[in-house]
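The values are calculated or read from the model by the stated rules, or taken from the named source; none is laboratory data. Nothing here was measured: the structure is a model prediction, and the numbers come from that model. Cβ atoms come from the backbone with ideal geometry, glycine included; neighbour counts cover every protein chain shown.
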Amino acid sequence: MSKKLYIETVGCQMNVLDSELVVGSLRRQGYQLTHEATEADVILFNTCSVRQHAEDKIYSALGRLRAYKRRHPNKVVGVLGCMAQKDQDLILRRAPHVDIVCGTGQLARLPELIAEVQETHTPQLALSLDRKEGSRLEVEHSFESYDPLRDPSMRPSPFQAYVRIMIGCDKFCTYCIVPSVRGPEQSRPPEHIAAEVRQLADEGCKEVILLGQTVNSYEFKYADGRRERLSDLLLRIHDTPGVERIKFITNFPRDMSDDLLDAVRALPKVCEYLHVPAQSGCNDVLKRMKRLYTVEFYRDMLQRCRERVPDAAISSDFIVGFCGETEASFQRTCDLVREADFKNSFIFKYSPRPGTKADELFADDVPEEIKKRRNNDLLAIQNRVSLADHRRRIGQTVEVLVEGPSKTSLKHETGPGPKQLTGRTMTDHIVVFEGNERLIGQTVQVRIEEATAFTLFGTVATGERIGVEAERLSEPATSIPETLLQEALKNRLELPLLGG
Ligand code: 5AD
Ligand code: SF4
């Protein structure tokens, strides 16, 4: 009988990709994926440390497993990723039934760690060096685990895939744990990335999403001194046959260079979508956050984006209730959101992270109630801006890559015939419309008729599929096996929450 694997993933797209790599390598060891933890021989949690809430979720999931593991001592329980790297052996003290603690930079060792637990019944720790534990080179090496094994069933959908172009982060924003749990910033060789994109396209992927905590800081230095930036990389992979769309997340405001914006404008497959977190609209706060820019710089950068890529949709992240954020500072953030015309913003209440500079230097002095209120207020402002942006699109016909059934039609089994489908535009707008399931994975023209703050609603315009001859319209949508499609739909996720 084949061995079974259960994996639960929390956190950003980088974690989703890591889980894909883990599943890929364990499948090669004969494991089969199951969606029931109780059916599994190996139960894994791929974790996030960016906010306390994400960690609490994992510790309580581990707590629920304790009695089960006592009854089934041969099952292997593993904690992977950011929380593993951050809490290390503390995890074993808080949850002694855990067998494996494996950091972000050590995931390639997982098959070996599982085998070791099964043989010796002793807990295994695989961690990278802390940033001060060795020379930069030593720490870099301890995080390197570029594993090209991929597993299509773990992708956001069969025709969309993440591609890591760099790991780590060197920005050290004072609130952020990422530089310690994901290590030093390292860009992957362009040839490796291009080969992976080719492989994904051969497997049926139409959209590749390039990932980096600060993706626009990408720079690969060759031994002879040549350098390749993100703009060069976009050009390099642009003509990969089969690839229709290229996205990249998440951008750091200071590195939003003109050459990158020009590449976005010039290269038709590159999505005109820029996720560039501002985090705050107040210079005092930005300074305490050590974001390395002022709000004036950020506004100028936005203007530059709009001048060079006039149709770009721009989105942002904000942290409310950061240490020392006064009502006046918060109002400056509100002003920025009112004016900046973001497509959407992800808003988070500040969560102190042990091990970060902010936690060491500043008091978490904004009460939870005020954080909550500011979060709601900022969200309400952003929602008004998003609604206005969406309403401007009513009457337009947009190109939508169909991702699958909409959330509503997933909840209500609607039987045969047209279903509510959902997909995204080149500017990352979510569009819901009625259509046959065979459109999943296709690019269709949709005429926008209605809008809410979150979604555009429309009708498929005639012609349905772009770039495909009319007589092929009645063919099944993709060559992707049905089982894979179903698996992938179960794993569908919301974007984006990565770094930046
Ligand atoms: N508290 C709250 N939000 C945070 N983020 C990062 N660190 C923290 C923290 N300590 C947010 C930032 C970042 C997003 C991925 O998570 O807005 O852009
Ligand atoms: Fe790096 Fe983004 Fe975290 Fe800043 S917020 S340290 S840029 S991952």
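Is it the case that residue 98 is at pLDDT 90 or above, in a loop (DSSP other than H, G, I, E, B) and among the aliphatic types (A, V, I, L, M)? Answer is yes for this residue.
Among the residues of the stretch 313-370, those identified as part of a helix (DSSP H, G or I), in contact with a helix residue (DSSP H, G or I) (Cβ under 9 Å, 6 or more places away or on another chain) and under 22 Å from residue 250 (Cβ atoms) are 333, 336, 337, 339, 340, 358.
As a summary of the residue check, residue 292 satisfies the conditions (1) on the phi < 0 side of the Ramachandran plot; (2) among the aliphatic types (A, V, I, L, M); (3) within 16 Å of ligand 2 (Cβ to nearest atom) except for the one numbered (1). Entry remark, the stretch 88-139: residues being of a type in the set (Lys, Arg) and within 21 Å of residue 29 (Cα to Cα) number 1 in total. Of all the listed residues (276, 270, 264), the sole one being among the hydrophobic types (A, V, I, L, M, F, W, C) and either over 20 Å from residue 307 (Cα atoms) or within 16 Å of ligand 1 (Cβ to nearest atom) (or both) is 276. If the Cβ limit is 6 Å and pairs must be 6+ apart or interchain, which residue in the stretch 434-446 that is under 24 Å from residue 271 (Cα atoms) pairs with which residue that is of a type in the set (Asp, Glu) and modelled with pLDDT of 90 or more? So the pair list comes out as 443/399. Of all residue pairs spaced 6 or more apart or on separate chains, those with beta-carbon atoms under 9 Å, a first member in the stretch 196-219 that is free of Cβ contacts under 8 Å to residues at least 40 places away in the same chain and a second member that is buried (at least 20 other Cβ atoms within 10 Å of the Cβ) and not basic (Lys, Arg) are 219/166; 219/187; 219/230. The set of residues in the stretch 255-265 that are assigned to a helix (DSSP H, G or I) and either closer than 15 Å to residue 212 by Cα or of a type in the set (A, V, I, L, M, F, W, C) (or both) comprises 255, 260, 261, 263, 264. Of all residues in the stretch 312-326, exactly one satisfies the criterion of being polar (S, T, N, Q) and away from ligand 2 (no atom under 15 Å from the Cβ), namely 326. Pairs linking a residue in the stretch 171-186 that is aromatic (Phe, Trp, Tyr) and within 11 Å of ligand 1 (Cβ to nearest atom) to a residue that is at pLDDT 95 or above and in a helix (DSSP H, G or I), with Cβ atoms under 9 Å and 6 or more positions apart or on different chains, are 175/288; 175/289; 175/357; 175/358; 175/359. Within the stretch 30-49, being part of a strand (DSSP E or B) and out of contact with any Cys (no Cβ under 8 Å at 6 or more places or on another chain) holds for 31, 32, 33, 42, 43, 44, 45, 46. Do we find a residue being away from ligand 1 (no atom under 16 Å from the Cβ) and surrounded by fewer than 18 Cβ atoms within 10 Å (Cβ to Cβ) anywhere in the stretch 41-53? Checked the stretch 41-53: no residue is away from ligand 1 (no atom under 16 Å from the Cβ) and surrounded by fewer than 18 Cβ atoms within 10 Å (Cβ to Cβ). Residues considered: 213, 199. Of these, the only one that is buried (at least 23 other Cβ atoms within 10 Å of the Cβ) and either in a loop (DSSP other than H, G, I, E, B) or away from ligand 1 (no atom under 16 Å from the Cβ) (or both) is 213.
All of (1) more than 30 Å from residue 360 (Cα to Cα); (2) buried (at least 24 other Cβ atoms within 10 Å of the Cβ) hold for residue 309 with one exception: (2). Go through (1) under 17 Å from residue 6 (Cβ atoms); (2) surrounded by fewer than 20 Cβ atoms within 10 Å (Cβ to Cβ); (3) in contact with a strand residue (DSSP E or B) (Cβ under 6 Å, 6 or more places away or on another chain) for residue 109 and report which single condition fails. The failed condition is (1). The helices (runs of 4 or more DSSP H) falling completely within the stretch 106-183 that include 1 or more residues that are within 16 Å of ligand 2 (Cβ to nearest atom) and modelled with pLDDT of 90 or more map to 178-181. In the stretch 272-289, the qualifying residues are those that are outside any loop (DSSP other than H, G, I, E, B) and within 12 Å of ligand 2 (Cβ to nearest atom), and the one that is nearest to residue 399 (Cα to Cα) is 275. Would you confirm whether or not the stretch 251-260 contains a residue that is within 13 Å of ligand 2 (Cβ to nearest atom), among the polar types (S, T, N, Q), surrounded by 21 or more Cβ atoms within 10 Å (Cβ to Cβ) and at pLDDT 95 or above? The answer is yes; a qualifying residue exists. Once the stretch 215-268 is narrowed to residues that are in contact with a Leu (Cβ under 9 Å, 6 or more places away or on another chain) and of a type in the set (Gly, Ala, Ser), the residue that is farthest from residue 202 (Cα to Cα) is 257.
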